[in-house]
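Student: Take a look at the following structure, please.
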Amino acid sequence: MQRARIRWHIPVFLAPAVLVYTAIMIFPLFNTLRLALYSKVDQERIFVGLDNFRTLFFDPIWSEQFWNALGNNFWFFIVHMLVQNPIGVALAAILSHPRLRFAALYRSAIFIPTILSFVIVGFAWKLILSPIWGIAPSMLDFVGLKSLFVPWLGKEEYALTTLALISVWQFVGIPMMLIYAALLSIPEEILEAGEVDGITGISAFWKIKLPLILPSIGIISILTFVGNFNAFDLIYASQGALAGPDFSTDILGTFLYRTFFGFQLQLGDPHMGSAIASGMFAIILIGVCIYLFGIQTRMRRYQM
Amino acid sequence: MNKARKNPFNTLAMHGALILYTLIALFPVFVILINSFKDRKAIFREPLALPDAETFSMIGYQTVMKQGDFFLYFQNSLIVTVASLFFVLLFGAMAAFALAEYRFKGNTLMGLYLALGIMIPIRIGTVAILEMMVAGGLVNTLWALILVYTAQGLPLAVFILSEFMRQVSDDLKNAARVDGLSEYAIFFRLVLPLVRPAMATVAVFNMIPIWNDLWFPLILAPAEETKTLTLGSQVFIGQFVTDWNAVLSALSMAILPVLILYVIFSRQLIRGITSGAVK
């Protein structure tokens with residue numbers, strides 16, 4: 001009997017990727033979940049079970065911040081879903097129109113904000129909306145609406161929505177591109193068959209194209225969800241780690257950063273930080289599961 | 001052909017909408033760039049005017065050059081991005097080849113394991129990553145960032161590249177085997193050159209998030225000599241908040257390299273996205 005010889009090249013090919021991925025991504029992920037169950041008392045790490053989570057959810061000081069950050073994060077996500085994705089779909093629908101001239105030019109120009117870093121975007125908008133510089137008020141003055149101007153980033157009631165809209169401005173290119181690709185892949189015959197039945201123009205979009213691109217809209221929604229629930233950079237760059245004014249723009253990412261690293265007088269606490277990170281992990285996991293099992297499997301995929 | 005598609009009014013409305021949105025997209029970038037070349041008075045008096053002979057000034061750029069080590073930051077960003085992309089592509093392609101080419105026990109499971117990271121952001125593990133980097137003495141080195149970005153980029157790279165490698169013809173590989181080429185030679189000399197377009201797509205996808213990341217440079221490598229351009233400009237702008245010339249110039253200096261790269265690679269990037277690589 002001849003034993004199958006071990007094909008050594010398979011582990012050799014797999015090893016580097018699996019090692020780096022396991023060591024830097026998977027292991028720290030689970031280690032963070034584990035660290036959330038510990039606490040530091042007198043320079044010693046002791047096991048405290050679910051105490052950190054109890055503090056996070058029920059201790060008045062912590063829970064107020066946590067629920068505030070979570071609520072803000074949901075609002076941040078809702079603004080993206082309601083503004084970014086419809087604009088992205090609309091732009092893609094126009095761009096995919098056959099015989100539209102300069103489509104490539106528009107596409108590249110509209111994608112430019114997406115390639116800029118949050119630091120640039122955050123500061124650029126901070127300057128533009130600043131009452132000191134006066135670009136925003138003078139532009140509103142130009143259309144006769146100067147009375148509408150408020151220092152949006154400085155007011156508690158507007159700051160979060162303003163930042164969400166800035167983020168929408170930055171990322172609208174991504175849904176636009178993905179939907180554009182999906183629209184281009186719809187075969188011409190289907191549209192022509194619709195035309196024969198008298199479905200053209202706008203109604204062709206609603207009745208034929210939109211149902212066909214629903215899977216892409218699903219992907220965009222889950223990408224937006226994951227992106228929003230680990231967002232940090234834009235808020236940090238424009239409002240600082242304190243997510244001012246008065247924590248009104250605090251989201252889970254900035255809350256995690258402050259807790260983990262400390263700020264001003266509060267010392268950093270890696271264990272409470274781990275607890276918040278575990279919470280973020282749970283939220284993202286729930287979102288991904290809802291998408292994978294609830295939406296994706298039920299969505300009808302049309303054979304094209 | 002139907003009439004709706006040729007209606008001149010519709011065409012006009014479509015161009016109107018696109019031009020309006022293009023203006024919204026480009027306006028902030030434009031305002032920052034033109035004002036960085038003006039003197040302080042002109043910035044405030046006529047923020048929307050182009051710089052002319054009278055108002056032209058490079059004072060902001062001079063401050064930036066004197067105060068911040070932007071060349072060092074730029075160099076750090078470049079090293080981190082290029083090295084991370086190199087490892088993502090090399091390791092990713094090797095793993096993708098193993099998954100696409102060979103049938104072995106646990107193949108599907110391994111594929112799923114590697115795909116987990118596509119949806120779960122690596123940031124969740126930050127606390128433990130920092131602890132590990134402290135233990136390994138890698139804090140404030142560029143290696144810490146390179147390792148993290150390599151791990152972050154691998155899942156999507158393996159996923160996309162293995163899709164493409166399945167399309168490489170078996171006859172070609174078997175012919176090479178008959179000629180006595182080793183599996184390694186088949187991978188490096190035959191398959192890699194064939195999937196070059198897919199590698200470019202993966203590279204462009206990974207480039208932007210790595211270059212623009214603020215979180216990990218802030219946490220793993222905040223020292224002066226390891227600052228990346230994104231972190232460097234963040235810190236610099238934070239210190240010079242009231243010096244508008246310096247802030248605008250620093251922003252422009254952060255925008256320009258990305259914009260130049262985009263002009264070079266935009267076709268590749270857009271083709272990558274629209275070819276459905278992320279389906």
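The values are calculated or read from the model by the stated rules, or taken from the named source; none is laboratory data. Note that the structure is a prediction, hence the values are computed from the model and not measured. Don't worry about glycine lacking a Cβ; one is built from the backbone with ideal geometry, like all the others, and counts go over all protein chains shown.
Student: Would you check if there is a residue in segment B:257-278 being more than 30 Å from A:Ile217 (Cβ to Cβ), within 11 Å of another protein chain (Cβ to nearest Cβ) and buried (at least 22 other Cβ atoms within 10 Å of the Cβ)?
Tutor: no
Student: Out of curiosity, is B:Glu183 surrounded by fewer than 23 Cβ atoms within 10 Å (Cβ to Cβ), within 11 Å of chain A (Cβ to nearest Cβ) and acidic (Asp, Glu)?
Tutor: Details: surrounded by fewer than 23 Cβ atoms within 10 Å (Cβ to Cβ): yes; within 11 Å of chain A (Cβ to nearest Cβ): yes; acidic (Asp, Glu): yes.
Taking the combined requirement at face value, the residue satisfies it.
Student: Give the residue that is surrounded by the most Cβ atoms within 10 Å (Cβ to Cβ), with candidates limited to residues of segment B:116-144 that are hydrophobic (A, V, I, L, M, F, W, C) and under 22 Å from B:Leu89 (Cα atoms).
Tutor: Looking only at segment B:116-144, we keep the residues that are hydrophobic (A, V, I, L, M, F, W, C), and these are B:116, B:118-120, B:122, B:124, B:127-130, B:132-135, B:138-139, B:142-144.
With under 22 Å from B:Leu89 (Cα atoms) added as a condition, the list becomes B:116, B:118-120, B:122, B:142-144.
Working: B:Leu116: 13, B:Ile118: 16, B:Met119: 18, B:Ile120: 19, B:Ile122: 23, B:Leu142: 21, B:Trp143: 17, B:Ala144: 26.
Result: B:Ala144.
Student: Oh, and also: Do the conditions hold for A:Thr114, that is, is it more than 22 Å from A:Ala243 (Cα to Cα), among the polar types (S, T, N, Q) and surrounded by 14 or more Cβ atoms within 10 Å (Cβ to Cβ)? So that I can check it myself, show each step before the final result.
Tutor: Details: more than 22 Å from A:Ala243 (Cα to Cα): yes; among the polar types (S, T, N, Q): yes; surrounded by 14 or more Cβ atoms within 10 Å (Cβ to Cβ): yes.
Yes, satisfied.
Student: Follow-up question, since we're still on this one. How many of the residues making up segment A:132-154 are within 21 Å of A:Leu82 (Cβ to Cβ) and in contact (Cβ under 8 Å) with a residue 60 or more places away in the chain?
Tutor: 1
Student: Of the numbered conditions (1) β-branched (Val, Ile, Thr); (2) loosely packed, with under 14 Cβ neighbours inside 10 Å; (3) under 29 Å from B:Tyr102 (Cβ atoms), A:Ile26 satisfies every one except a single condition; which is it?
Tutor: That leaves (2) as the condition not met.
Student: Anything in segment B:199-242 that is outside any helix (DSSP H, G or I) and either in contact (Cβ under 8 Å) with a residue 40 or more places away in the chain or farther than 21 Å from B:Met133 by Cα (or both)? List them, or say none.
Tutor: The initial filter retains those residues of segment B:199-242 that are outside any helix (DSSP H, G or I), namely B:213-214, B:221-223, B:227-228, B:240-242.
If the condition is that a residue be outside any helix (DSSP H, G or I) and either in contact (Cβ under 8 Å) with a residue 40 or more places away in the chain or farther than 21 Å from B:Met133 by Cα (or both), then B:Asp213, B:Ala221, B:Pro222, B:Ala223, B:Lys227, B:Thr228, B:Phe240, B:Val241, B:Thr242 are the ones that fit.
Student: It is to be established whether one or more residues within segment A:171-188 are out of contact with any Phe, Trp or Tyr (no Cβ under 7 Å at 6 or more places or on another chain), farther than 26 Å from B:Val235 by Cβ and without any contact (Cβ under 8 Å) to a residue 24 or more places away in the chain.
Tutor: Within segment A:171-188, one or more residues are out of contact with any Phe, Trp or Tyr (no Cβ under 7 Å at 6 or more places or on another chain), farther than 26 Å from B:Val235 by Cβ and without any contact (Cβ under 8 Å) to a residue 24 or more places away in the chain.
Student: Please verify whether segment A:33-45 includes one or more residues that are within 13 Å of chain B (Cβ to nearest Cβ), in a helix (DSSP H, G or I) and out of contact with any strand residue (DSSP E or B) (no Cβ under 9 Å at 6 or more places or on another chain).
Tutor: yes
Student: Quick check: anything in segment B:159-171 in the same structural domain as B:Val82 (by TED's automatic domain parsing), surrounded by fewer than 13 Cβ atoms within 10 Å (Cβ to Cβ) and in a helix (DSSP H, G or I)? Full working, then the answer.
Tutor: Taking segment B:159-171 as the starting set, the residues that turn out to be in the same structural domain as B:Val82 (by TED's automatic domain parsing) are B:159-171.
When the remaining residues are screened for being surrounded by fewer than 13 Cβ atoms within 10 Å (Cβ to Cβ), the result is B:166-167, B:169-171.
When the remaining residues are screened for being in a helix (DSSP H, G or I), the result is B:170-171.
Looking for residues that are in the same structural domain as B:Val82 (by TED's automatic domain parsing), surrounded by fewer than 13 Cβ atoms within 10 Å (Cβ to Cβ) and in a helix (DSSP H, G or I), one finds at least one in segment B:159-171, hence yes.
Student: Report those helices (runs of 4 or more DSSP H) wholly inside segment A:153-259 carrying at least 3 residues which are more than 13 Å from chain B (Cβ to nearest Cβ) and more than 17 Å from the chain's Cα centre (by Cα).
Tutor: A:156-171, A:210-229
Every residue, every condition in (1) facing chain A (nearest Cβ under 10 Å); (2) part of a helix (DSSP H, G or I); (3) out of contact with any Ser or Thr (no Cβ under 6 Å at 6 or more places or on another chain); (4) farther than 30 Å from B:Ala157 by Cα, yes or no:
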position: B:Pro28; (1), (2), (3), (4): yes, yes, yes, yes
position: B:Val64; (1), (2), (3), (4): no, yes, no, yes
position: B:Leu90; (1), (2), (3), (4): yes, yes, yes, no
position: B:Ala93; (1), (2), (3), (4): yes, yes, yes, no
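Student: Please work out which residue is nearest to the chain's Cα centre (by Cα), limiting yourself to segment A:41-73 and to residues that are loosely packed, with under 15 Cβ neighbours inside 10 Å and among the aromatic types (Phe, Trp, Tyr).
Tutor: Among them, the one singled out is A:Trp67.
Student: Among the numbered criteria (1) away from every other protein chain (no Cβ under 12 Å); (2) under 20 Å from the mean Cα position of the chain (by Cα), which single criterion is violated by A:Leu267?
Tutor: (2)
Student: Please verify whether segment B:145-153 includes one or more residues that are in the same structural domain as B:Leu89 (by TED's automatic domain parsing), surrounded by fewer than 21 Cβ atoms within 10 Å (Cβ to Cβ) and touching a residue at least 12 places away in the same chain (Cβ under 8 Å). Break it down stepwise before answering.
Tutor: The initial filter retains those residues of segment B:145-153 that are in the same structural domain as B:Leu89 (by TED's automatic domain parsing), namely B:145-153.
Remaining after also requiring surrounded by fewer than 21 Cβ atoms within 10 Å (Cβ to Cβ): none.
Looking through segment B:145-153, none of the residues is in the same structural domain as B:Leu89 (by TED's automatic domain parsing), surrounded by fewer than 21 Cβ atoms within 10 Å (Cβ to Cβ) and touching a residue at least 12 places away in the same chain (Cβ under 8 Å).
Student: How many of the residues in segment B:192-221 are buried (at least 23 other Cβ atoms within 10 Å of the Cβ) and over 18 Å from the mean Cα position of the chain (by Cα)?
Tutor: Residues meeting the conditions: 3.
Student: For segment B:86-98, enumerate the residues that are within 19 Å of the chain's Cα centre (by Cα) and in contact (Cβ under 8 Å) with a residue 12 or more places away in the chain.
Tutor: Just the residues of segment B:86-98 that are within 19 Å of the chain's Cα centre (by Cα), to begin with: B:86-93.
Within segment B:86-98, B:Phe87, B:Val88, B:Leu89, B:Phe91, B:Gly92, B:Ala93 meet the criteria.
Student: Before we move on, is B:Asn245 assigned to a helix (DSSP H, G or I) and under 22 Å from the mean Cα position of the chain (by Cα)? Spell out how you get there, then give the answer.
Tutor: Values: assigned to a helix (DSSP H, G or I): yes; under 22 Å from the mean Cα position of the chain (by Cα): no.
Taking the combined requirement at face value, the residue does not satisfy it.
Student: May I ask you to list the residues in segment B:31-56 that are more than 8 Å from chain A (Cβ to nearest Cβ), assigned to a helix (DSSP H, G or I) and surrounded by 13 or more Cβ atoms within 10 Å (Cβ to Cβ)? Give the derivation first.
Tutor: Taking segment B:31-56 and keeping what is more than 8 Å from chain A (Cβ to nearest Cβ), we get B:33-42, B:45-46, B:49-56.
Still in the running and assigned to a helix (DSSP H, G or I): B:33-35, B:40-42, B:45.
Those that are more than 8 Å from chain A (Cβ to nearest Cβ), assigned to a helix (DSSP H, G or I) and surrounded by 13 or more Cβ atoms within 10 Å (Cβ to Cβ): B:Leu33, B:Ile34, B:Asn35, B:Arg40, B:Ala42.
Student: May I ask you to say which residue of B:Thr108, B:Thr55, B:Thr22, B:Thr11 is outside the structural domain of B:Val202 (by TED's automatic domain parsing), over 30 Å from A:Ile202 (Cβ atoms) and at pLDDT below 95?
Tutor: Values: B:Thr108 fails: outside the structural domain of B:Val202 (by TED's automatic domain parsing); B:Thr22 fails: over 30 Å from A:Ile202 (Cβ atoms); B:Thr11 fails: over 30 Å from A:Ile202 (Cβ atoms).
After applying the criteria, what remains is B:Thr55.
Student: Please state which one of B:Ala83, B:Ala13 is among the small types (Gly, Ala, Ser) and touching a residue at least 24 places away in the same chain (Cβ under 8 Å).
Tutor: On the way: B:Ala13 fails: touching a residue at least 24 places away in the same chain (Cβ under 8 Å).
Only one candidate passes the filter, namely B:Ala83.
This table checks each residue for (1) more than 7 Å from chain B (Cβ to nearest Cβ); (2) in a loop (DSSP other than H, G, I, E, B).
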| site | (1), (2) |
| --- | --- |
| A:Ile87 | yes, no |
| A:Ala90 | yes, no |
| A:Ala93 | yes, no |
| A:Leu100 | no, yes |
| A:Tyr106 | no, no |
| A:Ile110 | no, no |
| A:Ile120 | no, no |
| A:Trp133 | no, yes |
| A:Pro137 | yes, no |
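Student: OK, next. Hey, does segment B:176-186 have a residue that's in contact (Cβ under 8 Å) with a residue 12 or more places away in the chain, in the same structural domain as B:Ala96 (by TED's automatic domain parsing) and among the hydrophobic types (A, V, I, L, M, F, W, C)?
Tutor: Yes, the conditions are met somewhere in segment B:176-186.
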